[in-house]
Amino acid sequence: MFYFGVDYYPEHWPQERWVEDARLMAEANFNVVRLAEFAWSKMEPREDSFDFEWLDHAIEILSSHDIKIILGTPTASPPPWLMAKQEDLFRVDPEGRRLTYGNRREYCPNNPLYHDHTRRIVTAMAEHYRDHASIIGWQIDNEFGDRCYCTICRNAFQGWLRDRYGTLEELNSRWGTLFWSHVYTDWSEIPTPLKTGGSPNPGLALDFYRFASESYVAYQKLQIDLLREICPQHFITHNFMGFNYDQLDYFELARDLDFVAWDIYWRMQWNIDAEVSPSWPALGHDTMRGLKGKNFWVMEQQAGPGGWEMVSVPTKPGELRLWAYQSIAHGADAILFFRWRTALYGTEEYWHGVLDHHGRPGRRYEEIQRMGAELQQIGESIHGAQIKAPVAFLLSYDSRFAFQIQGNNPSFSYPEHFHDLYRVFHARQIPIDILSPTSELSSYPLVIAPALHIVKDEIAKNLETYVRNGGTLLLTLRTGVKDEANAVVDQPLPGLLADLCGVEVEEYVSLPTDLDHEIQFSVSGIPMTPFPAKVWCDVLQPKGATVLARYREDYFAGKPAITVNQVGEGKVVYMGTMGDASLYETLTAWLLDQLQIEASWAAHHELEIGERWQGDRKILFLLNHSDSVQQVSLDGKYRELLSGSVLAEPKLKIPPREVTILKEEGE
Ligand code: GAL
């Protein structure tokens, strides 16, 4: 079943309206809604006094239209009566300020009283709805995140460190606490890296970030365990925030769930001038699919302009459907739009839903309704279809956290560097998987690990096995600099990977913002024209590797910047600098050529072509992100899924902001 639906807040509207809402939803071809994830104070208006009558009634009305239900546990927004109990229930931010009531996600994930109340509300909901035929699954909380620095967390962190290091001698030695005389003699002396403490010891800070992430994983598990026991037949998920969210190790958060769901907003109000390149949401989707190596759900797909205090620029005709099909093209097996009707009050009263404030269907409703009708027809042929990617990117949350602690250069950004490389493959329409650095890699001809800063033995071994068995690996600047405790390694860089790369970093040069250097390739197949080298220059000394490009300027002119090392059947390319799109495109073209990976499609930034496979048949999603007609030449015989007709000729025109879905024909 392809689920297509909406996030609904019946509690915001008079009951007399619910029947009309359900009717309009059914007419929009919705077959699922998410409910209740912010309705704690409606479900437990006073401590231990539960009221599910209103929710039963809403579910009954929706069920009578064959709409299935996902229930959200409401723990992201606790009621005032609970938060008034104890100051400690509130999170403390990195500046040491305790949050106060008024928003959401203000709780401390380690607070025992919060855990206690979580158990009560989750158990009450689960017991009440365990046997309801319309309930299919649960969303835990809402968009977990944000580190808490309170005393409860600090005590828990000290316990976590004791488990991790065993002895204080070991911790002191791994963190190098002799520096500035930070030698701890009792676990209770260890602080959290509050901003008031200044620039923290990098080992302490990284461990705290790991601990903070694990705190949410554990808090989520507390809820999962209850739900699995009481409602074993229901699925359990959480709504993640894509590639951009950087405070949680999402691989860990995904581990205990049945599948990943996420919230994708293309156009928000916070940066009204930002034009989003389709490669950013694409990277979000691929990351979410990679967390469990499996298709995902979109729990919140944009349904209109975003808005809190400000209002985002509008979503143009066609965009909502186009963006939702992009989600599907990257592996979404269900889409729910956020939200049904635009709220009349509350922080998000300008966050536009499928319906405007007045509640009457308009152009956004009609566009989504059209998509719903299409999915009723073709959803089954798409559902479960797989993505086959020849290229994997390795996403390291440890490295990302480490760069949050020490950015290395003000112009370096791990996520942007990652995206800059990703978007070259995306523009070439090459499917990409995003994996953790310890994942099994043997099925990928090419693996790219941008700025893999923290390398532990397990990762080094995994990469070595991959390359020795014939894989090609691209590594970039600042790789292998740190050990697991975030201390700098005592070998030449790239540390544990230096042998594999056949290269050593003789010297590294952090460049000022306004200075670009140049590099020049010296390998056949790559033009000799210079390319910019920005931000950082690793000056390389080959130890068996062959030089691909050299610096042209400064005291390191003539020294290697990019090398390739042949290891058995495999290769490791080390790129010691950052460039611009032209450098990444050139290097990528060379790599793909070496590997004989042929892109089926011409490179394009505005026409995106997504591929999913149903058995050995390919389904193509041709997504025109531009305001003009785009043309594509097909690589075989295809049938248009919606009309059912076989295309007479390989050339196809896609109108602006339109989508065409094709299925490959057999011989
Ligand atoms: C999401 C969140 C929703 C809603 C939406 C619009 O991040 O899960 O509850 O707030 O953003 O702001």
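A Cβ-based charge dipole, computed about the Cα centre of segment 1-128 with Lys and Arg at +1 and Asp and Glu at -1, lands at about 420 debye. Counting Lys and Arg as +1 and Asp and Glu as -1 over every other residue whose Cβ lies under 12 Å from the Cβ of Ala557, the net charge comes to 0.
Dipole magnitude for segment 391-595: computed about the Cα centre from +1 point charges on Lys and Arg Cβ and -1 point charges on Asp and Glu Cβ, it is near 280 debye. Pairs from the list Lys618/Lys653; Lys195/Lys294; Lys85/Lys294; Lys294/Lys534 with a Cα-Cα gap above 31 Å: Lys195/Lys294; Lys85/Lys294; Lys294/Lys534. Taking 0.36 nm per residue of separation and subtracting the Cα-Cα distance, full extension of the segment from Glu348 to Arg164 would add 62.0 nm. Summing charges over all other residues whose Cβ lies under 13 Å from the Cβ of Asp483, with Lys and Arg as +1 and Asp and Glu as -1, gives -3.
In this rough spin-label picture, where each label sits 7 Å from Cα along the Cβ direction, the Val19-Phe235 distance is 3.3 nm. Rounded, prolate or oblate: which fits segment 391-595, taking a ≥ b ≥ c as square roots of the Cα gyration tensor eigenvalues, rounded meaning a/c under 1.5, else prolate when a/b beats b/c? The shape class here is rounded. Note on Asp273 and Asp593: the model spin-label points, each 7 Å out from Cα along the C-beta direction, lie 3.9 nm apart. Taking amide H positions as modeled 1.01 Å from N, with prolines and chain starts lacking one, the residues under 5 Å from Leu540 and 5 or more places away or on another chain are Glu506. Rounded if a/c is under 1.5, else prolate if a/b beats b/c, else oblate: with a ≥ b ≥ c from the C-alpha gyration tensor eigenvalues square-rooted, which is the chain? Note, shape of the chain comes out oblate. Within a straight-line Cα-Cα reach of under 19 Å, Lys543 can be paired with the following lysines, leaving aside sequence neighbours fewer than 8 residues apart in one chain: Lys559, Lys571. With both labels modelled 7 Å from their Cα along Cα-to-Cβ, the Ser199 to Ala603 distance reads 3.8 nm. The calculated 222 nm mean residue ellipticity attributable to helices in the chain amounts to -9500 deg cm²/dmol, summing -39500 (n - 2.57) over DSSP H runs of n ≥ 4 and dividing by all residues. Which residues does a label at Phe50 reach in segment 101-115, if reach means a backbone N under 20 Å from a point 7 Å past the Cα toward the Cβ? Once the point is set 7 Å along Cα→Cβ of Phe50, 113-115 turn out to lie under 20 Å by backbone N, inside segment 101-115. Taking 0.36 nm per residue of sequence separation and subtracting the Cα-Cα distance, how much length would be gained by fully extending the chain between Glu60 and Arg617, in nm to one decimal? Full extension from Glu60 to Arg617 adds 196.5 nm. The packing ranking of peptides 605-617, 279-291, 563-575, 91-103, highest mean first, is 279-291, 563-575, 605-617, 91-103, where packing means the average number of other beta carbon atoms within 10 angstrom of each residue.
Ranked by the mean number of other Cβ atoms within 10 Å of their residues, highest first, the peptides 326-334, 312-320 fall in the order 326-334, 312-320. At the listed q of 0.23, 0.28 Å⁻¹, the Debye profile of segment 14-83, built from one uniform point per Cα, gives log10 I(q)/I(0) equal to -1.00, -1.23.
With the highest mean first, a sort of the peptides 48-57, 220-229 on other beta-carbon atoms found within 10 angstrom per residue produces 220-229, 48-57.
Read-outs: derived from the displayed coordinates by stated rules, not from any lab. Keep in mind the model is a prediction, meaning the values are calculated, not measured. All Cβ positions, glycine included, derive from the backbone under ideal geometry; neighbour counts span all protein chains shown.
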